[in-house]
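Okay, so here's the structure we're looking at.
The values are calculated or read from the model by the stated rules, or taken from the named source; none is laboratory data. Only a predicted model underlies this, so the values are computations on that prediction, with no experimental measurement involved. Here the Cβ positions follow ideal geometry from the backbone for every residue, glycine too, while neighbour counts run over all protein chains shown. Heavy atoms of the whole protein, side chains included, go into the accessibility calculation; ligands, DNA and RNA do not. Shrake-Rupley method; radii C 1.70, N 1.55, O 1.52, S 1.80 Å.
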Amino acid sequence: MDDFFSSDEDAYYSDRDSLDGIENDDDVEARTKYNSYSSQVITRESLLAAQRQDLQTIMDMLTIKEHHARTLLIHHRWNVENLLAVLVEKGKDCLFAEAGVTILEKNDFPSSQSASLVTCIICIEDVPSHEATSMDCGHCFCNTCWTEHFIVKINEGQSRRIRCMAHMCNAICDESIIRNLVSAKHPDLAERFERYLLESYIEDNNKVKWCPSVPHCGNAIRVEGRDACEVTEVECACGFQFCFGCSSEAHSPCSCLMWELWAKKCRDESETVNWITVNTKPCPKCHKPVEKNGGCNLVSCICGQAFCWLCGGATGREHTWSSIAGHSCGRYKEDREKLAERAKRDLYRYMHYHNRYKAHTDSFKLETKLKETIQAKIAIAEAKDSGMKDFSWLINGLNRLFRCRRVLSYSYPFAFYMFGDELFGDEMNMETKELKQHLFEDQQQLLESNVEKLSKFVEEPFDEFTTDRIMEIRMHVINLSLVTDNLCKKMYDCIENDLLGGIQGATHCIAPYNSKGVMRAAELFDARDSRKPSISGSYLIGESEKDASSSSSQSSGSSHCMDGIECSTRKRARKETLGDSLFDLNIPAEVVDKS
């Protein structure tokens with residue numbers, strides 16, 4: 001018996017290894033496309049380290065000060081590659097001039113600064129030289145005028161690029177001078193200025209976006225190696241998965257435009273309007289919708305107006321079973337009948353796709369409750385005196401079930417727009433559309449049936465079964481995990497090549513499918529710190545980042561808080577159970593107000 005179970009465990013590990021092998025090698029092209037980019041989580045503590053990397057690169061390359069490097073990077077939206085391309089193509093002088101960076105030698109500054117009094121041409125007053133300040137461009141004004149200028153610009157939201165007061169001067173003011181002058185009069189405004197400079201790395205950077213989780217976790221995600229036309233889905237350290245292209249919840253295989261339209265359609269009252277169009281008629285007097293509740297075609301509104309249900313025209317109240325006194329509407333009005341018929345057809349079509357989308361979403365929510373139940377069953381089964389000690393196959397099957405259920409859920413909004421007239425009415429003729437729809441629906445139904453089978457076996461009360469029965473369930477779960485994974489790959493291949501491949505333009509790109517689920521972003525830490533980052537909660541924070549954050553907070557007089565977020569080092573810890581991370585649909589998702 002011992003030899004039997006030992007050999008069986010070896011066979012199981014072989015099955016698990018083969019499962020991973022199929023996930024990694026069966027579709028090498030898709031995996032390479034998915035792994036062509038990397039993502040990192042930028043926390044409040046590591047935001048300084050993230051900025052420092054790009055700033056140090058430009059400072060070392062051009063031999064300039066930090067505030068000049070920041071001005072260049074903000075002008076080029078923190079795109080180092082684009083900045084270097086301009087440097088090579090146009091030269092250093094043109095690069096500096098376009099960004100507003102002016103660097104003068106010491107002997108180029110006006111000699112008036114050495115005098116005891118300086119005339120400020122803004123307020124036309126003579127002030128002592130120590131009460132006047134010169135910028136890198138050489139223009140000198142009194143500190144009072146500079147301070148008022150900075151206060152106005154900060155309040156106007158121009159903190160990241162405050163220009164010199166001199167006429168026709170495009171030079172960007174030194175941030176250290178702004179900080180010192182403003183903090184002396186308005187410390188809270190100086191703190192806001194510091195926060196804007198810090199957050200410019202996220203707000204002005206095309207490669208970085210805030211995590212749209214609700215409530216906001218305070219993290220941002222940076223994606224490297226992603227083309228502008230590629231759609232990427234990432235997972236934050238807080239566990240929220242979202243589309244990097246549109247900052248909404250992860251919605252593959254829907255494109256960003258499809259999901260935006262679908263979310264709006266589900267959110268607003270467009271389908272309620274369709275129902276009213278189909279089932280009611282407007283009163284000719286007060287124009288309120290009236291629903292017919294009897295067989296007689298003479299209906300009465302609550303306002304007292306009687307009208308004909310057939311044509312909607314106002315009538316008197318005298319009528320018989322066959323006609324209304326003084327009224328005849330036997331003429332056929334084609335446009336009105338076509339409008340009502342189309343509204344009814346569109347409503348039924350929407351209900352078909354929405355009901356199935358919601359059914360799989362609800363199934364997903366119910367199946368997520370299995371996590372604790374299965375964990376308890378595993379504990380009971382492991383406590384038994386049997387040869388089955390490893391239940392990783394069940395954990396893998398549960399994760400596969402979540403991923404496939406998510407794909408199924410979003411495949412219905414995709415089909416709604418792919419085979420409707422709203423987006424692709426002019427791209428395909430009726431015959432081509434029917435062929436593609438049948439091809440897609442065949443794969444969709446095949447995936448759906450196998451997902452339901454996988455769900456059935458995962459929910460089995462295996463803790464009450466014999467070892468032989470558990471072994472049988474294990475083989476079913478492993479096989480169905482492989483089958484559903486391959487079916488998902490084939491569905492994505494069909495979508496990318498057969499359906500969207502012939503569509504003009506790149507408006508409807510989708511995030512590629514990955515067998516291991518949405519890529520979780522790695523924690524960013526300061527590469528210059530030789531120490532290993534410490535583990536805090538469910539994510540990593542480098543010790544140097546903590547030191548940098550605290551020292552920066554002390555230098556500016558307060559900590560760098562995000563807008564509307566308390567300055568707390570605690571983040572929402574991501575709940576992890578059953579070993580591998582579990583995937584959420586994140587429904588509903590709302591866009592965080594960044595103001």
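Selection within the stretch 451-460: residues that are open to solvent by 20 Å² or more (accessible area, probe 1.4 Å) and touching a helix residue (DSSP H, G or I) at 6+ places or on another chain (Cβ under 7 Å). The member of this set that is nearest to residue 360 (Cα to Cα) is 453. Taken over the stretch 61-91, the criterion of being open to solvent by 50 Å² or more (accessible area, probe 1.4 Å) and either within 19 Å of residue 104 (Cα to Cα) or in contact with a Cys (Cβ under 7 Å, 6 or more places away or on another chain) (or both) is satisfied by 61, 63, 65, 66. Per the conditions (1) small (Gly, Ala, Ser); (2) closer than 26 Å to residue 77 by Cβ; (3) open to solvent by less than 30 Å² (accessible area, probe 1.4 Å), the sole criterion not satisfied by residue 176 is (3).
Pick from 421, 463, 468, 442: which is acidic (Asp, Glu), within 25 Å of residue 509 (Cβ to Cβ) and part of a helix (DSSP H, G or I)? I'd like the intermediate steps shown before the answer.
Numbers: 421 fails: part of a helix (DSSP H, G or I); 463 fails: within 25 Å of residue 509 (Cβ to Cβ); 468 fails: within 25 Å of residue 509 (Cβ to Cβ).
Answer to the selection: 442.
Considering every residue within the stretch 191-203, establish whether at least one is under 20 Å from residue 507 (Cβ atoms) and out of contact with any Pro (no Cβ under 6 Å at 6 or more places or on another chain). So far as the stretch 191-203 goes, no, none of its residues is under 20 Å from residue 507 (Cβ atoms) and out of contact with any Pro (no Cβ under 6 Å at 6 or more places or on another chain).
If the condition is being in contact (Cβ under 8 Å) with a residue 12 or more places away in the chain, charged (D, E, K, R) and assigned to a helix (DSSP H, G or I), then the stretch 424-439 contributes 433, 436. Exactly one residue among 530, 544 is farther than 28 Å from residue 459 by Cβ, assigned to a loop (DSSP other than H, G, I, E, B), more than 23 Å from the chain's Cα centre (by Cα) and at pLDDT below 50, and that residue is 530. The number of residues in the stretch 94-106 being modelled with pLDDT of 90 or more and closer than 12 Å to residue 62 by Cβ comes to 4. Scanning the stretch 62-86 for residues that are in contact (Cβ under 8 Å) with a residue 24 or more places away in the chain and not β-branched (Val, Ile, Thr) turns up 62, 67, 68, 70, 72, 75, 77, 78, 79, 83. Checking each residue in the stretch 477-516 for being outside any helix (DSSP H, G or I), in contact with a helix residue (DSSP H, G or I) (Cβ under 7 Å, 6 or more places away or on another chain), modelled with pLDDT of 85 or more and not hydroxyl-bearing (Ser, Thr, Tyr) picks out 510, 512, 514, 516. Restricting the first member to the stretch 179-191 and to residues that are in contact (Cβ under 8 Å) with a residue 60 or more places away in the chain and part of a helix (DSSP H, G or I), and the second to residues that are open to solvent by less than 60 Å² (accessible area, probe 1.4 Å) and β-branched (Val, Ile, Thr), the beta-carbon pairs closer than 9 Å and six or more apart or on different chains are 190/154; 190/178; 190/182.
Scan the stretch 217-232 and give yes if some residue there is under 20 Å from residue 263 (Cβ atoms), open to solvent by 10 Å² or more (accessible area, probe 1.4 Å) and assigned to a strand (DSSP E or B), otherwise no. Looking for residues that are under 20 Å from residue 263 (Cβ atoms), open to solvent by 10 Å² or more (accessible area, probe 1.4 Å) and assigned to a strand (DSSP E or B), one finds none in the stretch 217-232, hence no.
Every listed requirement among (1) closer than 30 Å to residue 467 by Cβ; (2) open to solvent by less than 80 Å² (accessible area, probe 1.4 Å); (3) at pLDDT below 85 is met by residue 374 save one, (3). Taking first residues from the stretch 36-56 that are hydroxyl-bearing (Ser, Thr, Tyr) and partners that are surrounded by 24 or more Cβ atoms within 10 Å (Cβ to Cβ), the Cβ contacts under 6 Å between residues at least 6 apart in sequence or on separate chains come to 39/221; 39/234; 43/219; 46/524; 46/545.
Of all residues in the stretch 277-294, those satisfying the criterion of being open to solvent by less than 70 Å² (accessible area, probe 1.4 Å), out of contact with any helix residue (DSSP H, G or I) (no Cβ under 8 Å at 6 or more places or on another chain) and either in a loop (DSSP other than H, G, I, E, B) or not hydroxyl-bearing (Ser, Thr, Tyr) (or both) are 279, 281, 283, 284, 286, 290, 292, 294.
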